[in-house]
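Visitor: Pasting a structure below so you can have a look.
The values are calculated or read from the model by the stated rules, or taken from the named source; none is laboratory data. Source: prediction; values computed, not measured. Ideal geometry is used to build each Cβ from the backbone, glycine not excepted, and the neighbour counts take in all protein chains shown. When the accessible area is computed, the model is the full protein with side chains, heavy atoms only, and any ligands, DNA or RNA have been set aside. Shrake-Rupley method; radii C 1.70, N 1.55, O 1.52, S 1.80 Å.
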Amino acid sequence: MESMELTTSKNAPLAMDAHSFAEAGHKLVDKIAAFLNDLPDKPVTRGEQPSQIRRLLGENSLPVNGLPADTLLNEASDLLFEHSLFNGHPSFMGYITSSATPIGALADMLASAVNPNTGAYILSPVATEIELQTIKWLGEMIGFPGNGGIFVSGGNMANFIGFLAARKAKADWNVRKEGLKSVNAFHSHLLVYCAKGTHTWIEKAADLFGLGTDAIRWIDVNEYQQMDTAKLDYQITKDRAYGYSPFLVVGTAGSVGTGAVDPLEEISIIAKHHNCWFHVDGAYGAPAALLPENEKLFRGLSEADSVAIDPHKWLYSPLEAGCILVKNETHLTDAFSFHPEYFNFDGSAEDPVVNFYDYGLQNSRGFRALKVWLAIRQAGRNGYRKMIRKDIDLAQSLFELAGSEEELEAVSCNLSITTFRFVPKNLRVDLMEDESYLNTLNEKLLNVLQADGRVFLSNAVIDNKYCLRACIVNFRTTFDHLMELVQVVLTEGRRIDAQLRGQVKDKR
């Protein structure tokens, strides 16, 4: 028999002594610091294709033997610093992913070092209490007077929790025990209501949680891309008359396409009148309720039964950090709590504990709240007001810049999202039938911009217009970056327009 080497804690393949860990960690932190310092001078992305990245990694088989940690960290940091899309770059204005706080990066390192399992209090005493305090602060920040919540991975999961809490609260039978019986005569169909353009999480929820996407009633929007509340009230009334069971109304506080905020106060009144759960998807826009000048815009948010908010969007947290806030925490335990005999997590009756596995879908959970807790303490209420207000002001400035350019059309501006499109001069009428040419032109322009690396935008379709969409949730972005953006769009737009017109001419 081969002799077996005795493995101790010191020679385990993944162990590092204090000196080696400190040395590797210091080198890595120095490299991260240099990366953050140089970030504005880097391209937003290199636009590399999957095959290029695979060649960098190599086609190696599973490693047989290991390598030193500092060698691996040096290699990994070079790969990430040279071959990533940088959503913290000041010219990244694409999707709603913010410039991550440096303190958040350090917080994730600290949380990983301790590695608390925040599923149960006994496994994470101080982490649990920090998460509870952070949830309370988020509610205070947006003016939501709830007494419960839980951190999750992001907006989809936060909205899912609200959806499931609503389903349990409003179903007129024991849905957790009996399941969904809307397919037979026992119970009527559960229906959910939201504006057209609501984020696709609602389709996933209806699909995954047994209702089916036919249970969604898509309500028309007005000229400002907000839910038409008269049509909402009419649709719920009509559905009740047909024997359906409306149970959930979703209002959006910052739509993904245009940043529009639904008339939350009107929606809350209608939802309450029809005994529906009122949920606000504020994953992106809810932090803007922190600004006093937005009080009217967000009026009614405090009346919601639940609110989704994503700190990794407009609170500048590193991924992942989503959160669901609820008016009454018992709605979470009602929807999710089970107590198998192998759980011994109840604590004492005199000083009861919170076990977050009772509040959501996960049992084992990472310590997501730490990076948000530290950032809130670093910036404070006033610091966040300053950064969020600046982002909104920049979006308005971009809207005005687009409106002042002869070859740009400013389309919409809500919160920190501006949409616009390139419209070339001297465009012949025969190229503009149904605006199909402009839509094709702007779609090709966007694809070029996303691969180019100087700026990064996304798209929105508004009233059948294909628009360029800039979302500013970035504490590094300045007015100079907007000026550069406009010039890049004009230069590339003219070039692509010339190409397309030449192709049209050649076909003739």
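Visitor: Which of the chymotrypsin sites (Phe, Trp or Tyr not before Pro) across the range 122-206 are loop residues per DSSP, with 16 or fewer other Cβ within 10 Å?
Guide: W173, F186
Visitor: Sort out for me the Cα centre separation of the range 268-325 from the range 122-147, rounded to whole Å.
Guide: 16
Visitor: Continuing with the same structure: Once Rh is set to the Kirkwood radius over Cα pairs, what Stokes-Einstein translational diffusion coefficient, in µm²/s, holds for the range 1-119 at a temperature of 37 °C and a viscosity of 0.692 mPa s?
Guide: 186
Visitor: Sticking with this one: Of all the C-alpha pairs in the range 46-88, what % are more than 15 Å from each other?
Guide: Here the tail beyond 15 Å accounts for 55 percent of pairs.
Visitor: Next up: Defining a contact as two alpha carbons under 8 Å apart and six or more residues distant in sequence, what relative contact order in percent does the range 236-279 show?
Guide: It comes to 40 percent, rounded to a whole number.
Visitor: Under DSSP H, which helices of the chain have Cα atoms covering 15 Å or more of the helix axis and a Kyte-Doolittle average no less than -0.5?
Guide: Counting only whole DSSP H runs, the qualifying helices are 18-38, 69-82, 102-114, 125-142, 155-170, 369-404, 436-452, 479-507.
Visitor: Just by accessible area at a 1.4 angstrom probe, what is the order of V423, V261 from largest to smallest?
Guide: V423, V261
Visitor: How far apart, in nm, are two points set 7 Å out from the Cα along the Cα-to-Cβ line at Y242 and at L62?
Guide: 5.4
Visitor: Can you give the translational diffusion coefficient of the chain in µm²/s, computed by Stokes-Einstein from the Kirkwood radius over Cα pairs at 4 °C and 1.567 mPa s?
Guide: 51
Visitor: Quick one: Cα centre-to-centre distance for the range 148-179 and the range 466-491, in angstrom?
Guide: The distance from the Cα centre of the range 148-179 to that of the range 466-491 comes to 38 Å.
Visitor: How big is the gap, in Å, between the Cα center of the range 86-106 and the Cα center of the range 364-409?
Guide: If we compute the Cα centre of each part, the gap is 10 Å.
Visitor: Same structure, new question: Within the range 168-264, which trypsin sites (Lys or Arg not before Pro) sit in a loop by DSSP and count at most 12 neighbouring Cβ atoms inside 10 Å?
Guide: Hits after loop and neighbour filter: K196.
Visitor: Next question. What translational diffusion coefficient, in µm²/s and rounded to a whole number, does the Stokes-Einstein relation yield for the range 352-494 at 25 °C and a viscosity of 0.890 mPa s, taking the hydrodynamic radius as the Kirkwood radius over Cα pairs?
Guide: 139
Visitor: Moving to a separate point now. Which longest uninterrupted range of the chain lacks any GluC sites (Glu not before Pro) assigned by DSSP to a loop state (not H, G, I, E or B) and surrounded by at most 13 other Cβ atoms within 10 Å?
Guide: 60-222
Visitor: If you don't mind, there's one more thing I want to ask. Work out the count of Lys pairs in the range 375-508 where the Cα-Cα distance is under 21 Å, with the pair 8 or more places apart or on different chains.
Guide: 6
Visitor: Ranked by accessible surface with a 1.4 Å probe, highest first, in what order do S245, S91 come?
Guide: Greatest to least solvent exposure: S245, S91.
Visitor: For labels at D207 and E48 in the simple 7 Å Cα→Cβ model, what's the distance in nm?
Guide: Taking the simple label geometry, D207 and E48 are separated by 3.1 nm.
Visitor: Mind checking which aspartates and glutamates have their Cα closer than 13 Å to the Cα of K296? Skip sequence neighbours fewer than 8 apart in that chain.
Guide: D262, E265, E266
Visitor: Sticking with this one: Using mean Cβ contacts within 10 Å as the protection proxy, how do 485-491, 413-419 order, highest first?
Guide: By packing density, highest mean first, the sequence is 413-419, 485-491.
Visitor: Pop a pseudo-label 7 angstrom from the Cα along the beta-carbon direction at both R176 and E82 and give the gap in nm to one decimal.
Guide: Distance between the two pseudo-spin positions: 5.3 nm.
Visitor: Once neighbouring chains are kept in place and the probe is 1.4 Å, which whole percent of the accessible area of the chain is contributed by carbon and sulfur?
Guide: Heavy-atom surface of the chain belonging to carbon and sulfur, 1.4 Å probe: 52 percent.
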